[in-house]
Amino acid sequence: MSLEILRLEHNSPEWYAFRRTGIGASDAAAICGFSHFKSNMDVWEEKVGITPPVDISDKPQVQYG
């Protein structure tokens with residue numbers, strides 16, 4: 001098994017494309033029904049390209065990390 005390190009510019013089209021290929025922590029919470037912001041169906045629609053990901057970059061929680 002090998003590890004590949006990807007160096008993608010944050011918020012670039014390539015970065016967004018890569019994020020659509022996996023499941024992150026926020027996606028996992030939604031899939032398990034613990035998210036107040038999106039449903040498991042919302043995650044599926046984003047991952048298969050039916051709907052674009054919601055831009056939450058203006059939220060204070062996101063900006064503060």
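Only the coordinates and a few stated rules stand behind these numbers; no lab work does. A quick note: this is a predicted structure, and the numbers were derived from the prediction, not measured. Don't worry about glycine lacking a Cβ; one is built from the backbone with ideal geometry, like all the others, and counts go over all protein chains shown.
With the requirement that a residue be within 8 Å of the chain's Cα centre (by Cα) and farther than 16 Å from Gly49 by Cα, what does the stretch 15-33 give you?
Gly24, Ser26
Can you confirm whether the stretch 22-39 contains a residue that is free of Cβ contacts under 8 Å to residues at least 60 places away in the same chain, in contact with a Pro (Cβ under 9 Å, 6 or more places away or on another chain) and either closer than 29 Å to Glu4 by Cα or not in a loop (DSSP other than H, G, I, E, B) (or both)?
Among the residues of the stretch 22-39, not one is free of Cβ contacts under 8 Å to residues at least 60 places away in the same chain, in contact with a Pro (Cβ under 9 Å, 6 or more places away or on another chain) and either closer than 29 Å to Glu4 by Cα or not in a loop (DSSP other than H, G, I, E, B) (or both), which makes the answer no.
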